[in-house]
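Report on one structure; see the data block that follows.
Bear in mind that the values in this text are calculations on the coordinates, not laboratory data. Bear in mind the structure is a predicted one, so any value in this text is a computation, not a measurement. Note: ideal-geometry Cβ built from the backbone for every residue, glycine included; neighbour counts use all protein chains shown.
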Amino acid sequence: MSVTDEIAKLNELKDSGAITEEEFAEAKAELLKQIAVKEKTTSESDVLEDENMWGMFIHLSQFAGYVVPFLGYVLPIVLWQINKDKSQVVDMHGKNVTNWIISAMIYGVVSGILCAVVIGIPMLFALGILCIIFPIMGAIKANNGIVWQYPMAIKFFK
């Protein structure tokens, strides 16, 4: 039943004398209040969905580097910088991803140097696997509304 139908029914009750003018005004105000609360709740859930979506995009954008070299480093940071002022949650996702990108670069350089001692080869392999698993886990958690900090990420941005 639409709002206008409910107000029309209330008006009929008032006209027939079943309810007083004051009762009509109270019922109408309550009905309009319920509609306003419903609209506010809907808009808040839309905002949360947008935050979750942008968080997920920031995490998954790291995979762009597999298509275009270095885009996986640049795109997450650009998405973060564009959307960080719109939401604190998106800002936290961007900081976590940027911390991981910088940390992964450091771990990659150290592992590359250690390849001379052979230990760096399995370290690079493990880092490669983590660079696939962590963004997927972060995106899933972001989609669920959870801000996830990457394990092993050095906190450059807090």
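Assorted remarks:
- Cα convex hull of the chain - mean projected area over all directions, nm²: 13.3
- Taking the C-alpha atoms of the stretch 53-131, convex hull volume expressed per residue in Å³: 80
- 3J(HN,Hα) couplings calculated from phi for the stretch 134-151 with the Karplus curve 6.51 cos²θ - 1.76 cosθ + 1.60 (θ = phi - 60°) are, in sequence order, 4, x, 5, 4, x, 5, 4, 5, 5, 5, 8, x, 10, 8, 10, 8, 5, x Hz; Gly and Pro show x.
- Rounded to the nearest whole Hz, the Karplus-based 3J(HN,Hα) values (6.51 cos²θ - 1.76 cosθ + 1.60, θ = phi - 60°) of the stretch 51-61 follow the sequence 4, 5, 5, 5, x, 5, 4, 4, 5, 6, 5, with x at glycine and proline.
- Only Lys, Arg (+1) and Asp, Glu (-1) charged, at Cβ; the stretch 48-143 dipole about Cα centre in debye: 220
- Ranked packing of 51-57, 9-15, most packed first, by mean Cβ within 10 Å: 51-57, 9-15
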